[in-house]
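First comes the structure, then the notes that go with it.
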Amino acid sequence: MTNTKLSRAFFAVALSTLLGAGLSGTFYSPAAAAATTAKAAKVKAAPVDKVVYHVNDAANASSALRNIGNHLEVDPTAKIVVVTHAQGVDFLMTDAKDKNGNPYHVTVEELTAKGVTFDVCEITLRNRKLEKTQFIPEVKYVPSGVAEITKLQSRQGFSYLKP
């Protein structure tokens with residue numbers, strides 16, 4: 001066999017090997033990349049725990065805040081919503097302090113920075129003749145505290161905790 005024939009034979013074997021490898025997915029192909037992307041899109045992200053803490057008495061606020069801090073310590077990705085109504089809104093008022101004189105707003109600010117939301121019932125505001133200006137800026141307002149808890153549980157899959 002001449003050098004030219006040998007070179008051609010070598011080239012044919014090399015080309016056939018490369019094409020075969022490409023078909024098996026060893027090399028990049030747009031179709032294979034698209035299939036891999038589609039498979040990755042179907043893979044769900046790790047589930048995130050979603051919890052609603054129900055506070056209807058400010059006497060339980062310190063326990064609730066401590067529980068939430070502990071919860072986030074072991075599961076920092078948890079989605080936590082604190083829903084307050086009745087006397088439970090009191091700890092979210094400006095200048096509210098615990099029994100030791102510590103302002104609640106400091107802990108609320110820290111938890112808000114970690115993604116916790118604090119909801120205040122507007123029906124409570126109306127019934128108790130309270131104004132939104134009496135509350136710390138971190139709070140959000142919902143039309144009804146109990147309706148919000150129901151929505152979070154039944155429609156959004158939140159677990160319920162009442163400290």
Sites ASP98 and ARG126, calculated FRET efficiency, Cβ-Cβ separation with R0 22 Å, nearest 0.05: 0.25
Over 28 Å (Cα to Cα) - which of LYS79/LYS129; LYS99/LYS151; LYS97/LYS151; LYS50/LYS140; LYS50/LYS129 fall in this group: LYS79/LYS129; LYS99/LYS151; LYS97/LYS151; LYS50/LYS129
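FYI, it's all coordinate maths here, none of it is from the lab. Since we're looking at a predicted model, the values are computed, not measured. Reconstructed Cβ throughout: ideal geometry from the backbone, glycine too, with neighbour counts over all protein chains shown.
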